[in-house]
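Visitor: Next up is a structure, given as structure tokens.
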Amino acid sequence: DARVTQTPRDKVTEMGQEVTMRCQPILGHNTVFWYRQTMMQGLELLAYFRNRAPLDDSGMPKDRFSAEMPDATLATLKIQPSEPRDSAVYFCASGLSLDRRATEAFFGQGTRLTVV
Amino acid sequence: SQQGEEDPQALSIQEGENATMNCSYKTSINNLQWYRQNSGRGLVHLILIRSNEREKHSGRLRVTLDTSKKSSSLLITASRAADTASYFCASVADRGSTLGRLYFGRGTQLTVWP
């Protein structure tokens with residue numbers, strides 16, 4: 001049963017600490033998304049990769065956030081230093097985008113981040 | 001912003017009634033998708049309609065797409081208490097490097113009372 005796996009599921013950290021969230025996309029998928037969800041802002045796209053290349057990270061605060069795909073089986077989202085306003089649920093999703101066709105995205109269960 | 005918008009923001013109905021949610025988007029799309037999210041969980045894909053399709057059915061779900069109005073609707077027939085969740089539409093970009101990018105709306109919170 002193919003699924004997107006995110007770790008950790010929950011993270012509580014102190015302000016100023018580094019936070020790393022990991023995502024294992026579904027094997028064979030070539031697109032990866034990182035979203036942040038809050039009550040106030042809804043679902044915000046932070047980063048979008050296709051074939052491991054970053055295509056859109058315009059929604060990501062560049063001074064403290066970074067997203068990478070070191071290989072096809074791992075995507076990471078890092079916050080350094082973390083701030084209380086970063087508290088949110090972070091979702092990773094993967095999908096398939098070929099030529100002019102794009103399929104549905106499969107979401108992980110999310111990482112609930114609390115920065116105190 | 002290229003995000004879409006769902007309407008209404010909240011919908012409360014009785015079991016057995018139909019629920020209709022609407023979505024508007026701004027970009028040229030490859031397809032439009034609807035997702036469901038139960039509280040505290042990840043989003044689950046429900047149905048995808050391509051830009052050259054006008055209507056699609058899946059079980060109790062019916063989706064329509066009007067590309068001239070840049071709008072879509074999701075109809076859930078004979079609703080059940082278990083349908084209580086947030087529903088999101090996502091327009092999928094059609095152009096170049098943004099192909100496959102998902103633009104989400106703010107969602108409709110559906111509550112179905114037993």
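The values are calculated or read from the model by the stated rules, or taken from the named source; none is laboratory data. Since we're looking at a predicted model, the values are computed, not measured. Neighbour counts are summed over all protein chains in view; Cβ atoms, including those assigned to glycine, are modelled from backbone coordinates with ideal geometry. These area figures cover heavy atoms from the full protein model, side chains too; ligands, DNA and RNA do not enter into them. Shrake-Rupley method; radii C 1.70, N 1.55, O 1.52, S 1.80 Å.
Visitor: If you go through the range B:58-89, how many residues are under 17 Å from residue B:23 (Cα atoms) and open to solvent by 40 Å² or more (accessible area, probe 1.4 Å)?
Guide: 6
Visitor: Still on this model: Looking at A:71, A:57, which one is closer than 24 Å to residue B:45 by Cα, modelled with pLDDT under 95 and either open to solvent by 40 Å² or more (accessible area, probe 1.4 Å) or basic (Lys, Arg) (or both)?
Guide: A:57
Visitor: Let me ask something else. Taking the criterion of being modelled with pLDDT of 95 or more and assigned to a loop (DSSP other than H, G, I, E, B), would at least one residue in the range B:35-57 satisfy it?
Guide: Within the range B:35-57, one or more residues are modelled with pLDDT of 95 or more and assigned to a loop (DSSP other than H, G, I, E, B).
Visitor: If you scan the range A:24-54, which residues turn out to be open to solvent by less than 50 Å² (accessible area, probe 1.4 Å), without any contact (Cβ under 8 Å) to a residue 24 or more places away in the chain and of a type in the set (A, V, I, L, M)?
Guide: A:45, A:53
Visitor: Which ones in the range A:91-112 are open to solvent by less than 10 Å² (accessible area, probe 1.4 Å), more than 7 Å from every other protein chain (Cβ to nearest Cβ) and farther than 15 Å from residue A:18 by Cα?
Guide: Residues satisfying the conditions are A:92, A:93, A:94.
Visitor: Please give the number of the condition residue A:21 fails out of (1) facing chain B (nearest Cβ under 10 Å); (2) open to solvent by less than 40 Å² (accessible area, probe 1.4 Å).
Guide: So the condition that residue A:21 fails would be (1).
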